[in-house]
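The values are calculated or read from the model by the stated rules, or taken from the named source; none is laboratory data. Treat the numbers as computed from the prediction; the structure is a model and nothing was measured. For neighbour counting, all protein chains shown are included, and Cβ atoms are generated from backbone atoms with ideal geometry for every residue, glycine included.
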Amino acid sequence: MNLLETIRFAVRGVTANKLRSGLTVLGMLIGVAAVILLVAVGNGSAKQVQDRISALGSSTLTITGGGRSTGATTQNFSLTSNLVPALSDRAAAPHVASVSPVVTTSEDTAYEGSSHTIPQFIGTYPSYLPAENYRVAKGSAFTQQDVDSARKVVLIGSTTADDLFGTVSPIDQQVTVNGTLFTVIGVLGNKDGTGFTDPNDVALAPLTAVEQSLTGYGPLNQVIVQATDADAVDAAQNEVTAILNDKLHVTDTANEPFRVLNAAQLLSTQADTAQTFTVLLGTVAGISLLVGGIGITNIMMVTVTERTREIGIRKALGAPRRTILAQFLVEATVLSVIGGLLGVAAALIGSQFTIVGVKPVVVPASVLLAVGVSVVIGLFFGSYPASRAAALRPIEALRYE
Amino acid sequence: MGPDQRTNPDRQPDAAPAGGAGRERSGLVRPVLDVRNLIKTYGSGETAVHALRGVSLTVARGDYVAIMGSSGSGKSTLMNILGCLDVPTSGRYLLDGVDVSRLSDRQLALVRNRRIGFVFQSFNLIPRTNALSNVELPLAYAGMKAAERRRRARAALALVGLAERAHHEPNQLSGGQQQRVAVARALVTAPALVLADEPTGNLDTQSTAEVLGVLDRLNRSGRTIVLITHEPDVAEHAHRLIRLVDGRIVQDARQAPLPQPRQLAETVDA
């Protein structure tokens, strides 16, 4: 009995009971498809995080302030724009390219009867735009002069522009922000969606104008520091930390009253989360593959019981033990491989769709692994029923009714 | 399909103790079956059932033996042991001079495949598999190439008069036709011994005649046949009649002379 012959016998066995074989194959299909697809979803979300890292720019540092309790005394630290000149000092911080103080507020904005709440109304310096990868699509950006003279000009995101102006060109129009008139001087180009908030629903205005008319001269929300290049981020971070420690007279450096966050660091945490997510999804899918495998054992047990008499006949005709073993093993493997291949097909079709906001990215290795695992599952879960069939005594098998 | 095929040295499960070059000639005088004091007991203690209580029997090559007995007389048990499907509790069984009890599982499978052709009362064809494939099956297990296998299977089917039914599945054949397919399957490997366990038990008169006709022809061409039956007219076809009662042989009568070895050899070679 060569292998081809054995496979032919096995296929005949599988097709003899189409519904039952079909359901077993379905179990494997779901298992394999789940593994490939869920790993693809996990991988897709990890890829999104990576895209976000590159969108944010890997050369920026974010300084946030706030009080921190240090034992008995509580230091209150607030970032103020007074720190900006010190941070921009080329001598003390040679790796810092620009420093942009940021105040953020949420403001109701109105234009000729239509009103819109801008969730992120940001007051900052012009250097904020390159640091955060904003570009101006229409009109022009505000300048340092605008900041110095606290001109009430504003750049708006595309979503904001659509909501407020519709088809009207927003350039040089005046909008009312919390009772103050701001002149729109430009519209920002579209920025890819990277978080839960719409990055195109923003307004950027000179820091001084926002402080003067909207937020008051309170603490800054953050300071965005751009390093000279991506490799200089760590050096810039050290310089910034040193300057802040000096300016704020920090003695306990282990417990600074401010935090300097590296964009890459920030997102590496998210990448780790995505990784965990992938592993978790893969595990759940793996369990469903296991269940599919148990289904194969189950159905092969039924098949062996049902075909006990046939096994007896084959043995009486001189089928050696290993031929019977091979026949049922191959039968189980045929079931699992068909299930595996259909599962791959289902997963590839499924990966064409966006799932829970994530575009799945199929990992080629997971396809190979799933198919390989389905073969192994066939052999593993088929081996018990097959060895039972092979071990049957011919006379008992023949007497079986 | 002469005897040379089944004595291919490579395929031999176990060389006969007396083996060697003289085997072919001596095979004609040595009995095909040599059973000594066979005992088979099912269960133990109080509930033990003694199916065979010491059966000794030799069957010469070319003989046609009918074993008769009422149900429970142990004839099926004897048949299963002769067919290497079951093992005796004690006693010795030499098939073609080979002590079967010493063979391993694998060797027993080979013996069943090469030396014994089994015909069952309930036909026992593989369902959903056409007649040709059913007849091919023992040859497939023997490892024969597909083309040669098909040729021999067709020849065997032709011998039982079912050449044109080769591609029918068992459920498309009548009982008699199924049994003839089973006979073709039993003889396709050119076994030393054809065992038939009530081959006509489930058949009508017409089919019985057909199947017995095939068996008679087989015997005339030199095949050794042992057949179990409880019908006297079936038993009449045999050259020798053995009656079994309660696991013991009570009668062993020759009804027709054993074909002469010389004649036999000529028939086989022809």
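Here are the numbers for this structure:
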item	result
Flag if A:VAL223 is in contact with a Ser or Thr (Cβ under 6 Å, 6 or more places away or on another chain), outside any loop (DSSP other than H, G, I, E, B) and of a type outside the set (Asp, Glu)	no
Helices (runs of 4 or more DSSP H) lying entirely in segment A:259-375 (those with 3 or more residues that are over 20 Å from the mean Cα position of the chain (by Cα) and without any contact (Cβ under 8 Å) to a residue 24 or more places away in the chain)	A:263-306
Whichever residue in segment A:282-298 is surrounded by fewer than 24 Cβ atoms within 10 Å (Cβ to Cβ) and aliphatic (A, V, I, L, M) and, among such residues, is farthest from the other protein chains (Cβ to nearest Cβ)	A:VAL284
Selection count, segment B:169-187, where residues are small (Gly, Ala, Ser) and more than 13 Å from chain A (Cβ to nearest Cβ)	3
Meets criteria (closer than 30 Å to B:VAL194 by Cα, surrounded by 20 or more Cβ atoms within 10 Å (Cβ to Cβ) and touching a residue at least 40 places away in the same chain (Cβ under 8 Å)) for A:PRO394	yes
Selection status of A:ASP272, out of contact with any helix residue (DSSP H, G or I) (no Cβ under 7 Å at 6 or more places or on another chain), under 21 Å from A:VAL363 (Cβ atoms) and charged (D, E, K, R)	yes
The one condition in (1) touching a helix residue (DSSP H, G or I) at 6+ places or on another chain (Cβ under 6 Å); (2) of a type in the set (A, V, I, L, M); (3) surrounded by fewer than 17 Cβ atoms within 10 Å (Cβ to Cβ); (4) facing another protein chain (nearest Cβ under 10 Å) that B:ALA163 fails to fulfil	(4)
Residue check for B:ALA196: part of a helix (DSSP H, G or I), crowded, with 24+ Cβ neighbours inside 10 Å and out of contact with any Cys (no Cβ under 9 Å at 6 or more places or on another chain)	no
Subset of segment B:135-152 [within 9 Å of chain A (Cβ to nearest Cβ) and not hydrophobic (A, V, I, L, M, F, W, C)]	B:PRO138, B:TYR141, B:GLY143
Per-region count, segment B:153-181, residues closer than 15 Å to B:LEU139 by Cβ and either part of a strand (DSSP E or B) or in contact with a Leu (Cβ under 9 Å, 6 or more places away or on another chain) (or both)	7
Matching residues, segment A:96-137, being surrounded by fewer than 17 Cβ atoms within 10 Å (Cβ to Cβ), in a strand (DSSP E or B) and in contact with a helix residue (DSSP H, G or I) (Cβ under 9 Å, 6 or more places away or on another chain)	A:THR104, A:ALA110, A:SER114, A:SER115, A:VAL136, A:ALA137
In segment A:213-231, residue modelled with the lowest pLDDT [restricted to those that are in contact with an Asp or Glu (Cβ under 9 Å, 6 or more places away or on another chain) and surrounded by fewer than 21 Cβ atoms within 10 Å (Cβ to Cβ)]	A:GLY218
Total residues in segment B:123-132, condition facing chain A (nearest Cβ under 9 Å) and of a type in the set (S, T, N, Q)	2
Hits in segment B:93-117 - residues which are under 21 Å from B:VAL55 (Cα atoms) and facing chain A (nearest Cβ under 9 Å)	B:ILE116
Of residues in segment B:86-102 being at pLDDT 90 or above and assigned to a loop (DSSP other than H, G, I, E, B), the one nearest to B:MET144 (Cα to Cα)	B:PRO88
Among (1) more than 30 Å from A:LEU38 (Cα to Cα); (2) out of contact with any Leu (no Cβ under 9 Å at 6 or more places or on another chain) - the single one A:VAL304 does not satisfy	(2)
Matching option when the condition is in contact with a Ser or Thr (Cβ under 7 Å, 6 or more places away or on another chain), surrounded by 18 or more Cβ atoms within 10 Å (Cβ to Cβ) and under 17 Å from A:VAL11 (Cα atoms), among A:ALA332, A:ALA326, A:ALA386	A:ALA326
Positions within segment B:234-254 being in contact (Cβ under 8 Å) with a residue 12 or more places away in the chain and either in a strand (DSSP E or B) or basic (Lys, Arg) (or both), in sequence order	B:ARG240, B:LEU241, B:ILE242, B:ARG243, B:LEU244, B:VAL245, B:ARG248, B:ILE249, B:ASP252, B:ALA253, B:ARG254
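Yes/no per residue for (1) among the aromatic types (Phe, Trp, Tyr); (2) touching a Gly at 6+ places or on another chain (Cβ under 6 Å); (3) within 14 Å of another protein chain (Cβ to nearest Cβ):
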residue	(1), (2), (3)
A:ALA346	no, no, no
A:GLN352	no, no, no
A:VAL361	no, yes, no
A:PRO364	no, no, no
A:ALA370	no, no, no
A:SER374	no, yes, no
A:SER383	no, no, no
A:LEU392	no, no, yes
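Here is a yes/no grid of residues against (1) of a type in the set (A, V, I, L, M, F, W, C); (2) over 22 Å from A:TYR128 (Cα atoms); (3) modelled with pLDDT of 90 or more:
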site	(1), (2), (3)
A:LEU164	yes, yes, no
A:ASN190	no, no, no
A:PHE196	yes, no, no
A:ALA203	yes, no, yes
A:LEU207	yes, no, yes
